[in-house]
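Working notes, structure below.
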Amino acid sequence: MEQRSGMVEKRGMGLWITHGFMITGVLIIFFPIWLAFVASTVTQPEIVSPPMPLLPGGHFWENYKTALLSGVNVPVATMLMNSLIMAIGIAVGKIIISLLSAFAIVYFRFPGRTIFFWMIFLTLMLPVEVRILPTFEVVAGFGMLNSYSGLIFPLIASATATFLFRQFFLTIPDELAEAARVDGAQPMRFFIDIVLPMSRTNIAALFVILFIYGWNQYLWPLLITTDPEMNTIVMGIKQMFPSGDDVAEWPVIMATSILAMIPPVIVVVSMQKLFVRGLVDSEK
Amino acid sequence: MANVTLKNIKKSFGATHVIHGIDAEIKDGEFIVIVGPSGCGKSTLLRMVAGLETITSGDIFIGDERANEKEPMDRDIAMVFQNYALYPHMSVRQNMGYGLKIAKLPKSEIEAKVQDAAKLLQLEPLLERKPRQLSGGQRQRVAMGRAIVREPSVFLFDEPLSNLDAKLRVQMRLEIRELQEKLGITALYVTHDQVEAMTMADRMIVMNGGIAEQIGTPLDVYEKPQTLFAAQFIGSPAMNIFDAHVEGGQVKIRDLPIGPAQGRDGPVKLGIRPEHLVKTSDAALNASIQMSEPLGANTLLHGKLTGFDNIAITASLPGVHLLETKSFHIGFTVEPANIHLFDPETGRRLPV
């Protein structure tokens with residue numbers, strides 16, 4: 001008890017200090033986002049005339065409507081939809097493929113099992129950029145430029161996710177697999193009835209990470225989408241920048257940036273509970 | 001309901017031979033305990049009966065059918081695992097009904113069977129709980145329940161009580177035995193605990209190093225251990241084993257005559273259970289006791305044979321015997337019927 005009251009006393013001072021630090025940190029990180037938001041609610045002349053406004057203006061609806069419905073090259077709504085399809089496609093695809101391959105590697109004995117595992121593991125060391133030219137060549141050869149399949153398929157295999165699922169499956173006691181065998185479950189039945197539900201939190205955590213990974217893809221969409229109709233939002237922002245003598249529509253660009261941030265935030269916030277559980281404890 | 005026959009069962013993992021040929025005839029409804037130290041192959045043997053390990057050579061018959069190549073689910077067996085192996089995301093009800101669900105039984109029938117089993121095991125109030133919300137004993141019961149609902153012909157238990165505390169273990173072993181008797185289902189039960197083996201078994205298989213040292217009723221094994229290993233493994237505290245020799249119809253440790261013995265003169269291993277040493281005033285066997293462990297009803301005395309500092313002896317005497325001094329001397333006799341002799345080379349039992 002004594003020690004506890006001591007801790008509370010100490011916290012009296014510490015509470016202010018830690019909160020002070022945290023609030024400063026949040027302000028520093030939040031400031032650019034705030035500026036973007038302010039810029040998306042004022043008019044172009046107001047932005048370019050110093051000093052820059054720090055309080056929101058009255059053109060919120062107007063700017064966001066312009067951005068969503070007409071944009072600069074293509075309506076932002078289209079780009080948001082493209083990004084959403086790509087991010088979900090990548091996240092779901094990666095999860096399905098890595099779940100299945102991890103299941104194969106952990107639960108089946110087939111010739112070359114370790115070799116396959118190490119081959120998958122090795123690709124962890126190769127970032128997208130290293131193999132981007134051959135990948136482009138292949139995708140172009142299949143005629144998948146400017147298509148969703150072209151956006152999704154080259155990014156759909158994940159060594160990281162396979163590795164994480166493998167590690168998780170290794171912690172599932174062998175006896176569970178044996179019990180399922182005695183109960184008469186075929187391998188895929190065991191996978192669907194036992195392994196999948198047990199991986200629930202891991203899947204959620206990976207979904208969040210992979211969704212954001214997919215959403216934030218920049219280089220790859222930039223390479224393979226030439227048609228503005230297929231632009232994703234993260235690269236689309238860049239495309240909005242003026243080239244030559246055009247005047248930048250900064251309020252619209254800023255509105256687009258804010259819009260681009262919203263879906264990942266929704267995903268993170270809505271899956272936060274599962275996400276944290278998936279990273280912190282594994283249910284066994 | 002079925003008998004199980006093992007014919008010259010062998011198992012090797014690569015070049016390592018773990019089971020060297022085991023034969024056993026298990027009658028319908030019998031409770032067989034496979035007992036042995038860790039690494040003796042007892043779990044492997046059970047898993048071969050379950051179909052979780054392949055059989056290197058030999059045959060397993062469950063009922064009258066050869067089961068070597070059958071999948072576990074087709075062998076009509078149910079298994080209770082050491083860590084219970086309950087599906088963590090399923091409720092008790094789902095856990096118990098999972099096998100039936102896979103067998104595509106109608107929902108109402110599954111429900112009825114799960115209810116029956118739950119009633120039998122007093123699990124009814126817990127049916128909606130998840131395994132993590134249960135205590136060790138309750139999990140154990142659920143694992144039993146999962147085995148019972150399938151109405152198998154053979155129960156297989158792989159050290160099911162080793163994760164429970166001592167008191168619960170005593171209770172559960174009675175419950176398991178009672179249940180098995182009520183259901184009349186043949187059971188194979190693996191344990192390393194000789195007390196479980198003694199109390200539960202109709203017959204036990206004492207295993208060591210991949211061979212069956214002895215197959216027999218618990219009292220048979222206790223009273224007439226066929227090998228040196230069985231003699232030392234069954235019984236607590238373990239049997240005293242002395243290097244002795246037979247000379248002119250007498251078995252002697254050095255030159256101390258212990259009792260009558262038939263057979264040829266020559267060296268033997270002499271076994272005497274600690275509880276068969278009887279305290280007496282004028283005895284051939286004298287020990288200086290260094291340690292006393294009073295257990296209440298009886299006392300374990302540890303010491304050395306008087307005059308032979310390198311020959312240890314343990315005795316279990318009824319009543320309380322405290323060490324009055326640092327060490328004291330005590331004399332023992334032993335009934336001729338309680339003398340066990342073993343061949344020092346083969347470890348086989350010799351007639352007394």
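Only the coordinates and a few stated rules stand behind these numbers; no lab work does. Since the model is a prediction, treat every value here as computed from it, not as a measurement. Please note: Cβ atoms are built from the backbone with ideal geometry, for glycine as well, and neighbour counts cover all protein chains shown.
Across the stretch A:135-284, the volume of the C-alpha convex hull divided among the residues equals 142 Å³ per residue. The stretch B:61-100 and the stretch A:27-95 have their alpha-carbon centroids 58 Å apart. Charging the Cβ of each Asp and Glu at -1 and of each Lys and Arg at +1, and nothing else, the dipole of the protein assembly as shown about its Cα centre rounds to 440 debye. Applying 1/(1 + (r/R0)^6) with r as the Cβ-Cβ distance of A:ILE96 and A:VAL268 and R0 = 22 angstrom yields a FRET efficiency of 0.55. Our summary of shape: the Cα atoms of chain B have principal axis extents of 75, 46, 34 Å, ordered from largest down, in whole angstrom. Restricting attention to chain B, close to 80% of DSSP beta bridges with both partner residues there are antiparallel.
For the stretch B:1-157, the alpha carbon convex hull comes to 129 Å³ per residue, rounded to a whole number. Computed over the stretch B:227-352, the Cα gyration tensor eigenvalues convert (square root of 5λ each) into semi-axes of 25, 16, 12 Å, ordered from largest to smallest. Distance between the modelled labels on B:ASN163 and A:ILE85, one decimal in nanometres: 4.9 nm (7 Å Cα→Cβ projection). Assuming charge only on the beta carbon of Lys and Arg (+1) and of Asp and Glu (-1), the dipole of the stretch A:1-139 about its Cα centre is about 580 debye to the nearest 20. Within 10 Å of each candidate Cβ there may be at most 11 other Cβ atoms; applying that plus a DSSP loop requirement, which trypsin sites (Lys or Arg not before Pro) in the stretch B:291-352 survive? Passing sites in the stretch B:291-352 are B:LYS326.
Angle of helix B:107-120 to the longest C-alpha principal axis of chain B, folded into 0 to 90 degrees and rounded to 10: 30°.
Quick note on chain A: its Rg to Rh ratio, both from C-alpha atoms and Rh being the Kirkwood radius, is 1.08. Dipole of the protein assembly as shown computed with +1 at Lys/Arg Cβ and -1 at Asp/Glu Cβ about the Cα centre; of B:LEU341, B:VAL251, A:LEU35, farthest Cα towards the positive end is A:LEU35. Taking the inverse of the mean 1/r over every pair of distinct Cα atoms in the protein assembly as shown gives a Kirkwood hydrodynamic radius of 31.4 Å.
Exposure proxy for B:THR314, A:THR256, B:THR333: other Cβ atoms within 10 Å of each Cβ, ordered fewest to most, give B:THR333, B:THR314, A:THR256. Using the Karplus relation 6.51 cos²θ - 1.76 cosθ + 1.60 with θ = phi - 60°, the per-residue 3J(HN,Hα) values for the stretch A:230-243 come to 9, 4, 9, 6, 5, 7, x, 4, 4, 5, 6, 4, x, 10 Hz, with x marking Gly and Pro.
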